[in-house]
Amino acid sequence: MKKQNSIARVGASAFLLTGFLAASSVMTAADAPDSEQVSKLLSEAKTAAFQIKEDAIIMESYTRVDVSLESHAVAINLVKDHVNELGRVVNKLNEAKGSASPWQRTAIDRIQPYLDELGGYTTAVIEHINGTPKHTAAEYKDYLEANVDYSGDLAAMIADYVNYGNAKQRVERLSAKLELAAAR
């Protein structure tokens with residue numbers, strides 16, 4: 001009986017130690033410091049995404065009023081410029097990804113698919129305006145609506161990540177001020 005109790009204690013101790021080590025590694029990953037560079041780049045991405053969203057909304061509104069094709073061309077060039085600017089920021093984010101905290105890496109990974117979709121729809125709009133290939137008016141309107149939807153979702157998502165990062169920093173500063181780190 002004593003031998004079984006000893007084995008049980010050793011097994012339980014090993015189980016608890018494994019759990020503690022696993023929890024420690026999770027806490028370490030969650031407590032990894034945020035990259036200041038990545039935080040700044042995410043803020044830049046947020047600004048670019050909101051510019052794309054505003055441009056896309058304005059351009060989509062042109063389908064409800066009589067606006068010249070030249071006005072459409074000017075508007076889509078603004079969208080294209082802002083999509084390209086966001087692309088440059090995302091490239092910088094990818095370069096800085098190695099120094100990013102886990103939540104920042106997740107944010108970087110989630111931006112790219114939206115950017116790819118926006119690029120595709122923006123290209124389709126440009127092709128329609130240039131007349132190659134011919135798209136129907138309904139398809140053109142669908143592309144404009146898709147740009148509004150994707151840009152709105154992207155802007156909201158990036159804003160949520162930036163807001164999370166700001167809130168996390170505030171909690172960390174308050175925790176340090178109250179000396180809560182030593183209490184863990």
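The values are calculated or read from the model by the stated rules, or taken from the named source; none is laboratory data. Quick caveat: nothing in here was measured; it's all calculated off a predicted structure. Backbone-built Cβ (ideal geometry, glycine too); neighbour counts: all protein chains shown. SASA here: full protein model, heavy atoms, side chains in, ligands and nucleic acids out. Shrake-Rupley method; radii C 1.70, N 1.55, O 1.52, S 1.80 Å.
Couple of notes before you dig in:
- Residues being touching a residue at least 40 places away in the same chain (Cβ under 8 Å) and not in a helix (DSSP H, G or I) - total across segment 28-53: 4
- Checked against (1) modelled with pLDDT under 95; (2) open to solvent by 60 Å² or more (accessible area, probe 1.4 Å), Arg105 meets all criteria but (1).
- Checking each residue in segment 108-126 for being surrounded by 19 or more Cβ atoms within 10 Å (Cβ to Cβ) and more than 21 Å from Asn77 (Cα to Cα) picks out Ile108, Ile111.
Residue-by-condition table, conditions (1) modelled with pLDDT of 95 or more; (2) in contact with an Asp or Glu (Cβ under 8 Å, 6 or more places away or on another chain); (3) not acidic (Asp, Glu):
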site: Ile129; (1), (2), (3): no, no, yes
site: Val148; (1), (2), (3): yes, yes, yes
site: Gly152; (1), (2), (3): yes, no, yes
site: Ala159; (1), (2), (3): yes, no, yes
site: Val162; (1), (2), (3): yes, no, yes
site: Leu174; (1), (2), (3): no, no, yes
site: Ala182; (1), (2), (3): no, no, yes
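- Segment 54-100: number of residues that are closer than 16 Å to Leu41 by Cβ, open to solvent by 40 Å² or more (accessible area, probe 1.4 Å) and touching a residue at least 60 places away in the same chain (Cβ under 8 Å): 1
- Inter-residue pairs, beta-carbon under 8 Å, first over 16 Å from Ser101 (Cα atoms) and in segment 157-178, second exposed (fewer than 12 other Cβ atoms within 10 Å of the Cβ) and of a type in the set (A, V, I, L, M), 6+ apart: Ser175/Ala181
- Among residues of segment 127-151, those that are surrounded by 17 or more Cβ atoms within 10 Å (Cβ to Cβ) and over 15 Å from Thr63 (Cα atoms), counted: 2
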